[in-house]
Amino acid sequence: MFIGHFGAGLAGKKAGKKISLGTLFMAAQWLDLIWPIFVLLNIGIVKINPGDTKTTPLNFVSYPFSHSLLFVLIWAVLFGGVYYLVKRNLKYSMLLGLLVVSHWILDLFVHRPDLPLYPGGALQGFGLWNYPLIEIPLEIIIFIIGIYLYVSSTKAKDKTGTFAFWGLIVFLTVIFIMNLVGPPPPDTNAIGFAGLGMWLIVIWGYWADKHRESNIKS
């Protein structure tokens, strides 16, 4: 899942109006933001296997420290805890922790059984990546709902607030389509470095959100 996770981050603005979209994206995509680091360090193992599922050529062999449920819960507590130490807002800290966990839950629906409950533990996954006529519309719906909730919760302060946000939406949509129809990556290092590029989307989220403001009454 790709834009579905960003949809969850966008939706978080409804409940966390003072949280930057960049931070919401970081929480919702935290597992995939740290996963490339493990791949490049050969701690996480992914293989390029076209046909492994009908939607993605990637075979996620092992990623216990980013995508096991146990570590997801640890990351969620750490993420929310750091935010609380900085902002002293328990409600928003819990929201961000839940967004971290939401990543594993959404992945659970689309991955084949490759998500461990704990390192070395039983593998879980409902396998919707093998049913693209279900998975792709589901992911698009989550993304659209997220866009609606974000737009209904904010308004642009200037032209940058409009163009930066909608440019981000178009960019995410293009990447989503390219992931579906483009060729598989050449090697695992390419996967790792491309994954690190997702941090740029987080930065884009901060930039766009800085030029928007909440229209939700306190």
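The values are calculated or read from the model by the stated rules, or taken from the named source; none is laboratory data. These figures come from a predicted structure and were not determined experimentally. Here the Cβ positions follow ideal geometry from the backbone for every residue, glycine too, while neighbour counts run over all protein chains shown. Each accessible area value is taken on the protein alone, full model and side chains, heavy atoms only, with ligands, DNA and RNA left out. Shrake-Rupley method; radii C 1.70, N 1.55, O 1.52, S 1.80 Å.
I'd like to check one number: the per residue accessible area of the stretch 1-123, probe 1.4 Å, reported in Å² as a whole number.
42 Å²
Tally up the carbon and sulfur contribution to the accessible surface of the chain as a whole percent, 1.4 Å probe, everything protein left in place.
Carbon and sulfur atoms account for 71 percent of the accessible area of the chain.
Each residue of the stretch 48-55 in turn: what ³J(HN,Hα) in whole Hz from Karplus with 6.51, -1.76, 1.60 and θ = phi - 60°, glycine and Pro shown as x?
Coupling constants for the stretch 48-55: 8, 9, x, x, 4, 9, 6, 9 Hz.
Among the aspartates and glutamates, select those whose C-alpha is under 12 Å from the C-alpha of residue 17, and discard any that sit fewer than 8 residues away in the same chain.
Filter leaves 209, 213.
What's the extension gain from residue 158 to residue 126 if we count 0.36 nm per residue and subtract their Cα-Cα distance?
Result for the pair: 7.2 nm of gain on full extension.
Please compute the length gained on full extension between residue 74 and residue 62, using 0.36 nm multiplied by the number of residues separating them and subtracting their Cα-Cα distance.
2.5 nm
Longest segment of the chain with no trypsin sites (Lys or Arg not before Pro) in a DSSP loop having at most 15 other Cβ atoms within 10 Å?
89-156
Between the stretch 156-218 and the stretch 108-130, how far is it from one alpha carbon centroid to the other, in angstrom?
26 Å
Compute the angle between helix 132-153 and the longest alpha-carbon principal axis of the chain, please, reported from 0 to 90 degrees and rounded to the nearest 10.
Result, in degrees: 20.
Under 20 Å Cα to Cα from residue 210, which aspartates and glutamates show up? Leave out anything in the same chain fewer than 8 places away.
Cα-Cα hits under 20 Å: 158.
What does the convex hull of the Cα atoms of the stretch 34-142 come to per residue, in Å³, rounded to a whole number?
106 Å³
Once R0 is set to 45 Å, what does the formula 1/(1 + (r/R0)^6) return for the Cβ-Cβ distance between residue 187 and residue 118, expressed as a FRET efficiency to the nearest 0.05?
0.95
Please give me, ordered by residue number, the chymotrypsin sites (Phe, Trp or Tyr not before Pro) of the stretch 111-206 that lie in loop per DSSP and have at most 16 other Cβ atoms within 10 Å.
In loop regions of the stretch 111-206 (DSSP not H, G, I, E or B), the sparsely surrounded chymotrypsin sites (Phe, Trp or Tyr not before Pro) are 126.
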